[in-house]
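Take a look at the structure below.
A short reminder: the numbers here are calculations on the coordinates, not readings from a lab. Source: prediction; values computed, not measured. All Cβ positions, even for glycine, are placed from backbone atoms using ideal geometry, and neighbour counts span all protein chains on display.
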Amino acid sequence: MHLPSRRKFDLIVVGGGAAGFMAAITASERGNLSVLLIEANSQTLEKVRISGGGRCNVTNACWDPKDLVLNYPRGSSWILNSFRRFASGDAVAWFAERGVNLITEKDGRMFPSSNSSSEIISCLRHTAQSSGVNIRTNLKVKIVKKLSTNEFSITCSDESSFNSRSVLLATGSNPSGRKIATDLGHTIVKPVPSLYSFQARSNDITTCSGLALNNVDLKLITTNKTFYERGRILITHWGFSGPSILRLSAFAARELYFDNYKFNLIINWINCDFATVNSIFDNCRANNGNKTLHSCNPFSDIPKRLWLIFLKRVGIDQSIKWAELKLTKKKQLINILFLDNYSIKGRGPFKDEFVTAGGIPLEEVNLSNMESLKTSDLFFAGELMDVDGITGGFNFQHCWTSGWIAGSFISKKYSRSK
Ligand SMILES: Cc1cc2nc3c(=O)[nH]c(=O)nc-3n(C[C@H](O)[C@H](O)[C@H](O)COP(=O)(O)OP(=O)(O)OC[C@H]3O[C@@H](n4cnc5c(N)ncnc54)[C@H](O)[C@@H]3O)c2cc1C
């Protein structure tokens, strides 16, 4: 779209991701404002496109704001009031009103019924267009200055510039947004990765790559704190991944960063107590004494490949019979099942983190309207703020919530004084 340079807008949104679109649409629809959204990439909504493995996990069927906030390792207590105004149910209704129905999976994750992120992208682009949002792509905002007239002057990478009565930064994890914010008086909570897999030092476990186990107990020990999780894990070519591992990486994101991603992970593979395991071993010895440890794995939750790795690790010959299992070896085996200790040497090799923790400190933002407490008429939304969720649609939910709250306020404030 060709726009005359130096045109004055009511709102300029920097960043065409989920948060920027929600803010721009809400401001434009509700306040009939002149809105320009500027995106550095050639396409808007790139992260929406790749999200959820191309399906876009839009939100989560977690309806009560008090439950919803528990899924945010950072920002949790601060954003409760935001969710009281716009939570998962509101996001579901918002998309339904615009023709997108969301379906819920067993674990609460919600996806568009087409199972394709392109449905969300089309909805957001089409709604932005019909509500009159101007969009410029391939244009990076370099400098945002507050003028003595109280307007903002925005200068872009191609030296074009625009004026605006208000600016909303929705630049996600991109450093340029944080630089613009610091130039306008903000501090930044150090950005660190969150939601990533773990790389194990030992490589016997990685021969079991592809195995997924449910109800596994995890204990992650960092220098300053210990974290616990129970749930599903996936053994990968490099170590561990899966929902519980990603949750641990999120809740321990800062501690792991300070430990340079070197820590111990203790896995309890079996979901029962010591006495039960002991009696399972004794029963096997009594009833299957003639069977080999290779052929008879008494734990239905432990896949055979993993069982054989455990036998090898404690030096048990797979071909011995249960009746021949020595007490010391039995104890070692039970120890592995209960307290399997892995030395983790780093994050997943593909730097597969999904979100950035850190950003604009929430104490520098008026969370009732997302306006900066350092520079008036400056607003924030989405991942740029120091709020991040675990996997399950919670990160997009914060984008919808913060974008909607900012857009609603901007629509009132600037249409009133037009
Ligand atoms: C692979 C992957 C899968 C994911 N899947 C899910 C999922 O299914 N569900 C979920 O809830 N979350 C998911 N997430 C997390 C989610 O995508 C992000 O939290 C969310 O996209 C953040 O939205 P945002 O609008 O704040 O920022 P972004 O989506 O990052 O958008 C910011 C935009 O600003 C632009 N920009 C930055 N600086 C400038 C500048 N100076 N000038 C102009 N433009 C600029 C960027 O190019 C970018 O397009 C996933 C993340 C990844 C990486």
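Between Arg85 and Ser343, what length in nm is gained on full extension when 0.36 nm per residue of separation is reduced by their alpha carbon distance? Show your work: numbers first, answer last.
Working: separation 258, 0.36 × 258 = 92.88 nm, distance 4.39 nm.
Contour length minus the Cα-Cα distance gives 88.5 nm.
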So what are the ³J(HN,Hα) numbers for segment 358-374, from phi and the Karplus equation (6.51, -1.76, 1.60; θ = phi - 60°), rounded to whole Hz, Gly and Pro as x?
x, x, 5, x, 5, 6, 9, 10, 7, 6, 7, 9, 6, 8, 5, 8, 9
Note down the magnitude of the dipole of segment 336-387 about its Cα centre, charges +1 on Lys and Arg C-beta and -1 on Asp and Glu C-beta and zero elsewhere, to the nearest 20 debye.
300 debye
Note: Arg232 to Asn290 extended length (0.36 nm per residue) minus current alpha-carbon separation gives 17.5 nm
Fewest-first ordering of Arg125, Arg201, Arg74 by Cβ atoms within 10 Å yields Arg201, Arg125, Arg74
Cut-off under 20 Å on the C-alpha distance; same-chain residues fewer than 8 positions from Lys412 excluded. Which lysines are left, in chain and number order?
Lys8
Taking only the alpha carbons of segment 250-324, the radius of gyration and the largest Cα-Cα distance, Dmax, both in angstrom, are 17.0, 52
Suppose every K and R has +1 on its Cβ and every D and E has -1 on its Cβ; what is the size of the dipole of the chain about the Cα centre, in Debye to the nearest 20?
460 debye
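So what is the calculated 222 nm ellipticity per residue for the chain, using -39500 (n - 2.57) for each DSSP H run with n of 4 or more, over all residues, to the nearest 500 deg cm²/dmol?
Details: 13 runs with 140 residues, N = 418.
Result for the chain: -10000 deg cm²/dmol, rounded to the nearest 500.
Please figure out what share of the DSSP beta bridges in the chain is antiparallel and state it in percent, rounded to the nearest 5. Could you put the intermediate results ahead of the total?
Numbers: 48 of 65 bridges.
Counting DSSP beta bridges with both partners in the chain, the antiparallel share is about 75 percent.
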Across the chain, what fraction of all alpha-carbon pairs, as a whole percent, falls in each successive 10 Å bin from zero upward?
5, 21, 26, 20, 13, 8, 5, 2, 0
Phi angles of segment 69-79, converted by Karplus (6.51 cos²θ - 1.76 cosθ + 1.60, θ = phi - 60°) into ³J(HN,Hα) in whole Hz with x for Gly and Pro, give 5, 5, 8, 10, x, 10, x, 2, 6, 6, 9
Unit charges on C-beta of K, R, D, E only; dipole of segment 196-353, Debye
260 debye
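Can you check what the Kirkwood hydrodynamic radius comes to for segment 93-161, Cα pairs only, in Å to one decimal?
Numbers: mean 1/r = 0.0655 Å⁻¹.
Radius from the Kirkwood sum: 15.3 Å.
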Residues other than Arg55 with Cβ under 14 Å of its Cβ, Lys/Arg counted +1 and Asp/Glu -1, net out at 0
Label point distance in nm, Asp64-Asn215, each placed 7 Å from Cα along Cα→Cβ:
2.5 nm
Backbone HN-Hα couplings from phi across segment 170-187 [Karplus 6.51/-1.76/1.60, Hz, Gly and Pro as x]:
9, 8, x, 8, 5, x, 5, x, 5, 5, 4, 5, 5, 5, 9, x, 8, 9
Considering only the other residues whose Cβ falls under 12 Å of the Cβ of Val314, what net charge follows from Lys and Arg at +1 and Asp and Glu at -1?
+3
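What pairs in Lys190/Lys219; Lys374/Lys413; Lys179/Lys374 have C-alpha atoms more than 24 Å from each other?
Lys190/Lys219
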Using the 10 angstrom Cβ neighbour count as an exposure proxy, how do Leu168, Leu36, Leu68 rank, fewest first?
Leu36, Leu68, Leu168
Starting from 0 in steps of 10 Å, tell me what percent of the Cα-Cα pairs of segment 168-257 lands in each bin.
16, 36, 24, 17, 7, 0
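Would you mind calculating the gained length between Ser300 and Gln129 on full extension (0.36 nm times residue separation, minus the Cα-Cα distance), in nm to one decimal? Show your work: numbers first, answer last.
On the way: separation 171, 0.36 × 171 = 61.56 nm, distance 5.52 nm.
Once the chain is fully extended between Ser300 and Gln129, it gains 56.0 nm.
For the ranges 174-186, 202-214, what's the packing order if you count other beta-carbon atoms within 10 Å of each residue, average per peptide, and put the highest first?
On the way: 174-186: 17.8, 202-214: 14.5.
The packing order, highest mean first, is 174-186, 202-214.
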Quick one: give the max-minus-min coordinate of the C-alpha atoms of segment 196-353 along each principal axis, largest first, in Å.
51, 28, 23
Just going by the charge dipole of the chain, with Lys and Arg at +1 and Asp and Glu at -1 on Cβ, which of Ala212, Gly31, Gly17 is farthest out on the positive end?
Ala212
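Taking the number of other C-beta atoms within 10 Å as the exposure measure, put Ser122, Ser76 in order starting with the fewest. Write down the numbers at each step before the final one.
Numbers: Ser122 17, Ser76 14.
Ranking Ser122, Ser76 by Cβ neighbours within 10 Å, fewest first, gives Ser76, Ser122.
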